[in-house]
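Chemist: Below is one structure. I have some questions about it.
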């Protein structure tokens with residue numbers, strides 16, 4: 001049994017006599033409580049329920065120990081005993097003066113309710129009911145939306161309409177605890193699917209900020225309206241379009257398993273009719289988590305990625321950087337200047353400030369080259385600034401850009417160093433003939449980001 005309070009009849013008696021002078025409670029009520037509690041070995045307690053306030057969700061602990069009703073002799077026929085929550089402050093004072101539970105007194109009559117209306121069946125010939133009285137949280141809407149844990153002492157009073165039986169214990173107690181979580185965050189971690197995989201069923205990686213003890217229902221909302229896609233294109237500079245109608249299906253309700261913070265949920269998004277998909281187009285599926293207050297919009301991008309993310313060393317020749325120049329979104333300080341990313345020195349670093357975002361850099365190769373791919377030396381000055389996701393664009397005028405695809409990075413090996421780097425590589429499916437290359441860093445492991453060196457191969 002979880003989180004139970006053991007009872008000793010003799011300790012109860014001693015406690016009563018020691019507290020009697022200080023208490024205004026009637027001696028007969030004390031005696032009634034002590035007599036009732038002496039028939040049980042514990043006071044039941046739940047295992048911390050959770051209220052996910054910004055999801056409007058109640059996650060019970062699945063731990064509802066309870067207590068049966070006990071009568072003095074076997075009953076001649078089946079009958080029911082009813083338990084009801086008592087709001088008598090005297091019952092709280094008696095128990096708390098003995099055990100000092102630091103629990104709150106019960107004043108809100110809507111906060112808890114007894115399960116099955118508190119009806120317990122006493123079968124013929126038995127002295128103990130076949131089931132136990134249990135309670136659950138009923139209405140938490142009056143509580144402030146703040147992260148806090150509450151513990152209540154809940155008195156229960158048994159009664160029966162039968163004149164043939166006598167209850168041995170007509171008062172029991174329940175310790176009920178719950179926590180309110182108002183800042184729970186659920187996110188979709190993978191927002192890119194490559195049409196080149198010829199995969200028709202795509203999994204979603206979900207992440208949750210707080211473990212809870214029960215599965216959580218996540219409701220997804222498809223926002224594939226013309227306006228939402230135009231807004232994304234305006235902000236990102238992309239040229240995405242909506243997926244063709246009836247070409248795909250989306251699970252609008254998925255279940256995140258209990259006690260997990262990361263989970264891969266299978267086949268959330270499925271392309272049902274690939275014949276309607278044009279691999280030369282870039283598609284986007286805007287989604288929100290419907291049952292999460294203030295959920296951001298997640299833009300699931302679907303297209304044929306022209307970036308090969310196999311991290312294989314590029315079979316080509318490195319380009320001389322003497323004519324190169326570089327622009328960046330920001331520089332952290334004088335030791336993190338942009339030129340350090342192209343100075344042929346793997347020990348120097350370009351690092352960004354925290355804002356503006358997204359972080360980016362633009363390389364001017366001095367003239368048009370036929371590029372096979374790029375090599376990156378990670379940031380070894382600030383090792384936590386790993387680049388995990390980066391959009392790649394190319395241009396011949398630094399104005400009109402062609403989207404090439406997305407680079408998917410990885411964490412820097414802990415055994416590597418600037419003198420023995422964990423090189424990161426990505427290549428193009430087909431050589432890209434351009435002078436300018438723009439790298440927009442959309443995902444990284446810290447508020448800052450950066451790298452020690454970037455090189456191009458032809």
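Chemist: How large is Rg over Rh for the stretch 186-304, taking Rg from the Cα atoms and Rh as the Kirkwood inverse mean of 1/r across Cα pairs?
Modeler: That ratio equals 0.97.
Chemist: For the stretch 185-239 and the stretch 108-138, what is the centre-to-centre distance using only Cα atoms, to the nearest Å?
Modeler: 44
Chemist: If you count, for each residue, the other Cβ atoms within 10 Å and average over each peptide, how do 282-292, 246-256, 225-235, 32-42 line up from highest to lowest?
Modeler: 282-292, 32-42, 246-256, 225-235
Chemist: Ok, one more. Hey, rough spin-label estimate for residue 275 and residue 235, points 7 angstrom out along Cα→Cβ, what's it come to in nanometres?
Modeler: Distance between label points: 3.7 nm.
Chemist: Per residue of the chain, what 222 nm ellipticity follows from adding -39500 (n - 2.57) for every DSSP H run with n ≥ 4, rounded to the nearest 500?
Modeler: -3000 deg cm²/dmol
Chemist: Quick check for you: which residues of the stretch 287-304 have the amide N under 14 Å from the point 7 Å beyond the Cα of residue 265 toward its beta carbon?
Modeler: Residues 287-292, 298 fall inside that zone.
Chemist: Could I ask something else about it? Just report the Cα centroid separation between the stretch 332-385 and the stretch 31-106, whole Å.
Modeler: Each part reduced to its Cα centre gives a spacing of 63 Å.
Chemist: If you don't mind, there's one more thing I want to ask. Within the stretch 44-81, what residues put their amide N at less than 16 Å from the label point 7 Å along the Cα-to-Cβ vector of residue 124?
Modeler: Taking a point 7 Å out along Cα→Cβ of residue 124, the residues of the stretch 44-81 whose backbone N falls under 16 Å are 74-80.
Chemist: Which label belongs to the value computed from this structure, given these candidates for percent of Cα pairs over 39 Å apart: (1) 21; (2) 47; (3) 17?
Modeler: Label (2) holds the value from this structure.
Chemist: Another question, if that's okay. What ranking do 444, 369, 100, 359 get, fewest neighbouring Cβ atoms within 10 angstrom at the top?
Modeler: Fewest to most other Cβ atoms nearby, the residues stand as 100, 369, 444, 359.
Chemist: Using only Cα atoms and rounding to the nearest 10 degrees, what angle (0 to 90) does helix 89-99 make with the longest principal axis of the chain?
Modeler: The helix 89-99 is inclined about 80 degrees to the chain.
Chemist: Specify the angular offset, from 0 to 90 degrees and rounded to the nearest 10, of the alpha carbon long axis of helix 226-236 from the longest principal axis of the alpha carbons in the chain.
Modeler: For 226-236 against the chain, the angle is about 60 degrees.
Chemist: Using Cα atoms only, what is the angle between the long axis of helix 27-37 and the major principal axis of the chain, expressed in degrees (0 to 90) to the nearest 10?
Modeler: 60
Chemist: Treat the stretch 325-457 as a sphere of radius equal to its Kirkwood radius over Cα pairs and apply Stokes-Einstein at 37 °C in a medium of 0.692 mPa s; give the translational diffusion coefficient in µm²/s, rounded to a whole number.
Modeler: 223
We did not get these values from a lab; they are worked out from the coordinates using the rules stated. Computed from a predicted model, the values in this text were never measured in an experiment. Here Cβ is always computed from backbone atoms with ideal geometry, including for glycine, and neighbour counts include all displayed protein chains.
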